[in-house]
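**Student:** Here's a structure for you.
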Amino acid sequence: MPLQVELVSADSRVWSGEAREVIARTTEGDMGVLPGHAPVLAVLAAGQVRIMASDGADVVADVEDGFLSVEHDRVTVVSDSASLAGGGPGAG
């Protein structure tokens, strides 16, 4: 079962879709999320979020401070400012 991922900034949805894995930098260090991950709420650090989409695409977004939430194979990344790095694929 894939992860359901939402990446949103203060004013828009940056990316949404199914993924095999999400890697994000938190204030505690880099964190990888796979299906079946335990529920967690983490403070996001400025850096990049990498999403390995179910369709094989590698989506990379530059983010500022925010939060990452994981619950029931749903990953939500909320950042003050987020944008796809290098003009990657858009919201899906």
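Every number in this text was worked out from the coordinates using simple rules, so none of it is lab data. These numbers were taken from a predicted model, which means no experiment stands behind them. Every residue, glycine among them, receives a Cβ derived from its backbone with ideal geometry; neighbour counts consider all protein chains shown.
**Student:** Assuming a viscosity of 1.306 mPa s and a temperature of 10 °C, what translational diffusion coefficient in µm² per second does Stokes-Einstein assign to the chain, Rh being the Kirkwood radius over Cα pairs? Each step should come with its number before you reach the end.
**Tutor:** Numbers: Rh = 12.6 Å.
The calculation lands on 126 µm²/s.
**Student:** Return the sequence-ordered ³J(HN,Hα) values of the range 52-64 in whole Hz as given by the Karplus equation 6.51 cos²θ - 1.76 cosθ + 1.60 applied to θ = phi - 60°, using x for Gly and Pro.
**Tutor:** Result, rounded to whole Hz: 8, 5, 4, 7, x, 6, 10, 9, 10, 10, 8, 10, 9.
**Student:** Nearest 5 is fine: what % of DSSP beta bridges in the range 3-85 come out antiparallel, could you say?
**Tutor:** Working: 37 of 43 bridges.
Antiparallel bridges make up about 85 percent of those DSSP assigns within the range 3-85.
**Student:** Moving to a separate point now. Full-extension gain between residue 12 and residue 46, please, as 0.36 nm times their residue separation minus the C-alpha to C-alpha distance.
**Tutor:** Numbers: separation 34, 0.36 × 34 = 12.24 nm, distance 1.78 nm.
Full extension from residue 12 to residue 46 adds 10.5 nm.
**Student:** Picking from 1, 45, 17, whose Cα lies most toward the positive end of the charge dipole for the chain (charges on Cβ: Lys, Arg +1; Asp, Glu -1)?
**Tutor:** Farthest along the dipole direction, towards plus: 1.
**Student:** Then there's this: Given charges of +1 on the Cβ of Lys and Arg and -1 on the Cβ of Asp and Glu, with all other atoms neutral, how large is the dipole of the range 1-90 about its Cα centre, in debye to the nearest 20? Write down the numbers at each step before the final one.
**Tutor:** Working: 5 positive and 14 negative charges, 26 e Å.
Charge dipole of the range 1-90: 120 debye, to the nearest 20.
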